[in-house]
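Here the structure comes first, spelled out in structure tokens, and everything after it is commentary.
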């Protein structure tokens with residue numbers, strides 16, 4: 001008599017023996033570059049919610065759009081009022097993250113700010129100024145971790161605590177060189193895409 005072992009499932013709920021399809025399925029865009037509601041233009045920021053809706057920062061469309069699962073066009077949920085620095089505009093948004101309440105946090109890179117848009121609002125609020133933000137994430141306590149591209153560091157907000165880098169530009173293990181994204185795992189360990197050093201550092 002033989003017995004099969006149950007599959008090993010990790011904290012991320014992905015089975016250890018899981019495999020993925022080798023061919024992808026387009027879920028947003030694919031109608032050429034443009035500004036119509038079924039088009040994207042340099043999509044850099046991406047977020048997927050629990051309902052499989054896809055949120056995209058259309059960098060050169062100066063807006064964040066939502067593509068519901070199976071939709072053929074998007075819905076503008078932030079920006080969409082042209083390039084600019086007003087609270088209903090953005091300029092080169094690079095990263096977005098959305099909390100459980102539907103509040104959107106946006107790295108508005110060329111405006112040197114992080115904006116917060118509450119659900120269904122027609123404008124955002126600048127919550128961090130004078131920062132060369134490229135990536136951001138939220139921890140379990142809804143505190144922001146933001147990559148500061150020019151200052152070569154990751155800071156925790158609103159306390160401004162430096163959590164990675166901050167020791168000048170370099171390749172030492174306590175330094176960063178153009179940190180472009182940040183991620184927190186379930187243990188609150190910080191992973192940084194350290195672009196200038198061609199590495200991912202924990």
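The values are calculated or read from the model by the stated rules, or taken from the named source; none is laboratory data. Bear in mind the structure is a predicted one, so any value in this text is a computation, not a measurement. Cβ sites come from the backbone with ideal geometry, for glycine too, and all protein chains shown count toward neighbours.
Return the residue satisfying two criteria in turn: it lies in region 120-150 and is in contact with a strand residue (DSSP E or B) (Cβ under 8 Å, 6 or more places away or on another chain) and assigned to a loop (DSSP other than H, G, I, E, B), and of such residues it is farthest from residue 170 (Cα to Cα).
Within region 120-150, the subset in contact with a strand residue (DSSP E or B) (Cβ under 8 Å, 6 or more places away or on another chain) is 123-139, 143-149.
Next, from what is left, pick out any that are assigned to a loop (DSSP other than H, G, I, E, B): 123-124, 130-132, 139, 143, 149.
Working: 123: 38, 124: 35, 130: 22, 131: 20, 132: 18, 139: 27, 143: 27, 149: 13 Å.
Among residues in region 120-150 that are in contact with a strand residue (DSSP E or B) (Cβ under 8 Å, 6 or more places away or on another chain) and assigned to a loop (DSSP other than H, G, I, E, B), the one farthest from residue 170 (Cα to Cα) is 123.
Are there any pairs, at least 6 apart or on different chains, whose C-beta atoms fall under 6 Å, with the first in region 27-39 and loosely packed, with under 15 Cβ neighbours inside 10 Å and the second modelled with pLDDT of 80 or more and in a loop (DSSP other than H, G, I, E, B), and if so, which?
31/38; 31/39; 33/41; 35/61
Against the conditions (1) surrounded by fewer than 17 Cβ atoms within 10 Å (Cβ to Cβ); (2) within 15 Å of the chain's Cα centre (by Cα); (3) in the same structural domain as residue 42 (by TED's automatic domain parsing); (4) more than 18 Å from residue 55 (Cβ to Cβ), where does residue 99 fall short? Just the number, please.
(4)
Within the bounds of region 105-118, is there any residue that is touching a residue at least 60 places away in the same chain (Cβ under 8 Å), out of contact with any helix residue (DSSP H, G or I) (no Cβ under 9 Å at 6 or more places or on another chain), on the phi < 0 side of the Ramachandran plot and assigned to a strand (DSSP E or B)? Walk me through how you get there before you give the answer.
Taking region 105-118 as the starting set, the residues that turn out to be touching a residue at least 60 places away in the same chain (Cβ under 8 Å) are 106-107.
Cutting the leftovers down to out of contact with any helix residue (DSSP H, G or I) (no Cβ under 9 Å at 6 or more places or on another chain) gives us 106-107.
This time we only want the ones that are on the phi < 0 side of the Ramachandran plot, so: 106-107.
Narrowing the set further to residues that are assigned to a strand (DSSP E or B) leaves 106-107.
Within region 105-118, one or more residues are touching a residue at least 60 places away in the same chain (Cβ under 8 Å), out of contact with any helix residue (DSSP H, G or I) (no Cβ under 9 Å at 6 or more places or on another chain), on the phi < 0 side of the Ramachandran plot and assigned to a strand (DSSP E or B).
When both residues are 6+ apart or on different chains and their Cβ atoms are under 8 Å apart, which pairs have a first residue that lies in region 161-184 and is part of a loop (DSSP other than H, G, I, E, B), and a second that is surrounded by fewer than 14 Cβ atoms within 10 Å (Cβ to Cβ)?
167/174; 175/168; 177/171
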